Amino acid sequence: MQQKITNRIRLRTNGRIQLLEVEVNGDSVSVRGCCPSYYVKQLALQAVLDEMAAHGTLLFVHEIEVADRPATDEEEKAASPESVVLA
């Protein structure tokens, strides 16, 4: 499932998510990365939700940052994740 989500995000965003990381742990999916706009972030979010719906996954944490450049390690530590719970 991890590879399917990664591929779907890359396809949907035309590879515009930098430092893309996808982690699947049981019923949860975490996605991290950096993108140039909120539009690209939304495309990535929808790609993940589409794949999760197909597999019945319940929790999605996305830490995709919108920035002109990849986040530094310090910036990544300071960022708080957003969570989406599917009912």
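The conditions are (1) within 11 Å of ILE5 (Cβ to Cβ); (2) in contact with a Phe, Trp or Tyr (Cβ under 9 Å, 6 or more places away or on another chain); (3) modelled with pLDDT of 90 or more, and ALA47 fails exactly one of them. Which is it?
So ALA47 meets the others, but not (2).
Considering each residue of the range 12-21, count those that are in contact (Cβ under 8 Å) with a residue 24 or more places away in the chain and assigned to a strand (DSSP E or B), and give that number.
2
Which of the residues that make up the range 38-65 are closer than 10 Å to THR13 by Cβ and over 12 Å from the mean Cα position of the chain (by Cα)?
Within the range 38-65, TYR39 is the sole residue that qualifies.
The values are calculated or read from the model by the stated rules, or taken from the named source; none is laboratory data. As the structure is a prediction and not an experimental result, all values here were calculated from the model. With ideal geometry, Cβ positions are generated from the backbone for all residues, glycine too; neighbour counts draw on all protein chains shown.
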